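The values are calculated or read from the model by the stated rules, or taken from the named source; none is laboratory data. The model shown is predicted, which means the values in this text are computed figures rather than measured ones. Cβ placement follows ideal geometry from the backbone for every residue including glycine, while neighbour counts extend to all protein chains displayed.
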Amino acid sequence: MIMKTEFWPVFWKEMIKFFRFKSLFFTTLVQPALWMAFFGTAMSSNFDRLNVLYSIPSGVGQVGYLTFMGAGVIAMTALFTSLYGGMTLIYDKNFGLMKEMIASPMQRSQIILGLGLSGITKGFIQAIIIMVFGTLFLGVDFFSQQNLPGIVCSVLGILLFVGTFSLGFIFLSSGIALRLETHEGMQGIMTVLSMPLFFVSNALYPADAFPAVLKALSVINPLTYLVNGIRYFAIGNDFYALGKHYIYTTEIVSWSYAALLIFTLCTFVFAMDSINNVSVT
Amino acid sequence: MERAIITVRNLEHRFGDLQAVDDISFEVLQGEIFSFLGPNGAGKSTTINLLTTLMKVQKGEAIVAGHNVATDSRSVRRSIGIVFQNEVLDRDLTVRETLEFHGMIYQVPREKRREIIEDLLEIVDLGSKRNVRTKYLSGGMKRRLEIARGLMTRPKILFLDEPTIGLDPQTRLKIWEHIREINDSGTTIFLTTHYMDEADNLSDRIAIIDNGKIIVTETPDNLKQSLGRDVIRINTGDNRAATSLLKNNSHDLSISRSDDGITLITEKDGSSVLPSILNLLNGAGIDLLNVDVKKPTLDEVFVHYTGREIRDEPTDKVQPRPRPHRRR
Ligand SMILES: Nc1ncnc2c1ncn2[C@@H]1O[C@H](COP(=O)(O)OP(=O)(O)O)[C@@H](O)[C@H]1O
Ligand SMILES: [Mg+2]
């Protein structure tokens with residue numbers, strides 16, 4: 001019970017600031033909207049033209065590019081938001097704000113847990129907005145042939161994946177932030193991390209045709225597993241996209257979730273070690 | 001017999017080769033204002049960091065509010081409030097949110113938080129600023145907010161690390177007033193400062209600290225009286241010659257020369273000593289340029305015990321804080 005309430009203030013403070021800076025909140029939503037509106041619509045007119053080249057067996061759904069990448073955009077947004085979520089710790093550390101918490105009876109680990117919960121919440125809000133915005137205005141074809149209870153279950157499934165993934169990356173970025181001195185260093189590392197993570201995944205295109213090295217990298221990339229989960233719940237377990245036949249068996253989806261869990265556990269250990277060793281005096 | 005609320009025995013702290021705190025022992029009595037007076041780098045903040053459990057004790061022992069800082073840090077933390085030397089405020093939170101957050105991390109129940117916040121805003125005169133973000137407060141308001149925050153948890157002891165550093169004289173007076181009020185309501189205060197007037201005005205007892213060592217611990221009055229009754233400052237045409245002349249001929253004076261004149265400390269009434277000094281100087285043909293007789297101040301006390309003056313020079317610890325804008 002005490003464990004539960006102790007990190008609440010950290011979460012409370014993060015959310016106050018998240019909603020206080022409307023422009024910040026807005027920017028994090030504009031990015032996915034722009035990706036879908038421009039990259040998505042532009043590419044779908046190209047890719048969808050090629051679909052006639054592939055013969056698709058009857059009875060299996062053919063999915064447009066926008067719908068295919070919509071899942072990737074949700075994943076991308078979760079990645080960027082949570083990767084930058086730890087940045088706040090650099091300020092807290094450099095400007096001494098962390099002293100207030102470190103000197104209180106609250107355990108240090110609660111700082112990380114509170115930040116993690118705020119990361120999950122931000123990820124949820126953004127994922128839901130993208131799903132609503134994409135399906136209503138951009139023609140993303142999610143949850144087709146699902147009835148209302150089915151859609152609710154699918155959305156919950158997507159949030160489970162997004163939440164676990166966001167937690168993993170906020171732990172990772174918190175752990176890194178606590179070990180760095182400068183904000184510029186953090187910015188550099190985030191840039192170096194985020195681009196490869198994003199492009200060496202199946203977010204925008206199938207990863208199967210990658211050269212061997214990239215393919216290996218995509219296998220250890222948590223983003224790949226998040227995208228698997230989102231596509232399974234949003235599109236279905238058997239569909240064609242970009243000429244590729246996608247089959248998501250229960251085993252594949254379970255393994256994808258397990259991979260995310262393992263990733264999150266590792267980054268949790270890393271973040272805890274960082275906070276327990278940080279010096280604030 | 002008054003009870004000690006802080007007991008420190010043979011406390012030491014090293015940063016590599018640097019002995020920042022060097023075998024200090026002292027007691028702070030319940031209900032008093034106790035000050036550490038010393039120049040920058042003396043070891044004041046390090047001592048506070050040790051007593052507030054922000055740093056691990058390397059050597060020695062400290063009992064704060066009945067709990068050992070090394071073995072029972074959580075209980076110590078529950079009993080104390082801290083105002084750090086550097087400003088520690090989240091600039092994006094409002095005054096009320098700042099206090100609210102602090103109450104929350106100490107698990108003060110919601111209703112009680114509201115009540116205490118209203119009280120404290122009243123005490124530090126920030127009621128009209130409750131919904132203003134801290135970045136829009138003046139330096140003095142920020143310091144008052146930090147003091148109020150230190151009191152959010154109704155601590156037995158409030159630690160104040162250089163509470164008026166860098167503030168203008170009027171704001172300092174106001175903060176002194178708040179500190180006295182807080183002390184009057186029963187909170188023991190441990191204060192560090194490098195301002196003589198601050199230590200003199202506020203403290204029940206002062207410990208002069210230099211190079212990590214406590215040199216003397218006394219009440220301000222006793223410290224001043226320990227020097228003698230009067231201080232005579234003179235300036236002559238030849239201070240060097242005058243100093244040696246006086247040293248050879250006046251045995252009941254303590255004499256020291258600095259750039260701005262000669263300081264003579266006497267056990268007798270200053271005005272009764274002056275004629276003989278004038279005669280001596282006259283006889284040697286040294287012109288007397290000016291004379292000033294006064295009671296000893298803490299400045300002279302400090303020079304007497306440490307052999308130097310405190311200068312209000314900025315060090316690496318007291319730089320203005322950079323203010324980058326925040327983004328995520
Ligand atoms: N984290 C640290 N690492 C190394 N040296 C330090 C550290 N903190 C303080 N010092 C040194 O310890 C000495 C005492 O510092 P401090 O306690 O901050 O003095 P004060 O608060 O009296 O100005 C100074 O010489 C200072 O440079
Ligand atoms: Mg200091």
Quick one: in segment B:1-35, of everything that is exposed (fewer than 15 other Cβ atoms within 10 Å of the Cβ) and within 16 Å of ligand 2 (Cβ to nearest atom), which residue is farthest from B:F302 (Cα to Cα)? B:F15
Which one of these is at pLDDT 95 or above and basic (K, R): B:R205, B:R172? B:R205
On the given criteria, is A:K93 closer than 30 Å to B:V83 by Cβ, more than 11 Å from chain B (Cβ to nearest Cβ) and part of a helix (DSSP H, G or I)? yes
With the checklist (1) touching an Asp or Glu at 6+ places or on another chain (Cβ under 7 Å); (2) among the polar types (S, T, N, Q); (3) away from ligand 2 (no atom under 16 Å from the Cβ) in hand, flag the one item B:S128 doesn't pass. (1)
Under 7 Å by Cβ, and 6 or more places apart or on different chains, what pairs join a residue from segment B:29-53 that is closer than 20 Å to B:V216 by Cβ with one that is in a helix (DSSP H, G or I) and within 15 Å of ligand 1 (Cβ to nearest atom)? B:S35/B:A199; B:F36/B:K44; B:F36/B:T47; B:L37/B:A199; B:G38/B:K44; B:N40/B:K317; B:N40/B:V318
Of all the residues that make up segment B:57-66, how many are within 14 Å of chain A (Cβ to nearest Cβ) and in contact with a Ser or Thr (Cβ under 9 Å, 6 or more places away or on another chain)? 2
Going through segment A:224-255 in order, the residues found to be out of contact with any Gly (no Cβ under 9 Å at 6 or more places or on another chain) and assigned to a helix (DSSP H, G or I) are A:T224, A:Y225, A:L226, A:N228, A:T250, A:E251, A:I252, A:S254, A:W255
Among the helices (runs of 4 or more DSSP H) confined wholly to segment A:144-223, which include 3 or more residues that are buried (at least 21 other Cβ atoms within 10 Å of the Cβ) and within 14 Å of the chain's Cα centre (by Cα)? A:148-179
If only one of B:I262, B:I215, B:I232 is away from ligand 2 (no atom under 16 Å from the Cβ) and under 20 Å from the mean Cα position of the chain (by Cα), which one is it? B:I215
Enumerate the pairs (first residue in segment B:83-96 and in the same structural domain as B:I165 (by TED's automatic domain parsing); second residue anywhere and assigned to a strand (DSSP E or B) and within 16 Å of ligand 1 (Cβ to nearest atom)) with beta-carbon separation below 6 Å, excluding pairs fewer than 6 apart on the same chain, so at least 6 apart or on different chains. B:V83/B:L160; B:F84/B:D161; B:Q85/B:D161
Kindly indicate whether any position in segment B:36-52 is more than 14 Å from every other protein chain (Cβ to nearest Cβ), outside any loop (DSSP other than H, G, I, E, B) and either more than 14 Å from ligand 2 (Cβ to nearest atom) or within 17 Å of the chain's Cα centre (by Cα) (or both). yes
Selection from segment B:95-112 of residues more than 9 Å from chain A (Cβ to nearest Cβ) and at pLDDT 95 or above yields B:V95, B:R96, B:T98, B:L99
Would you confirm whether or not segment B:156-163 contains a residue that is assigned to a loop (DSSP other than H, G, I, E, B), under 17 Å from the mean Cα position of the chain (by Cα) and within 16 Å of ligand 1 (Cβ to nearest atom)? yes
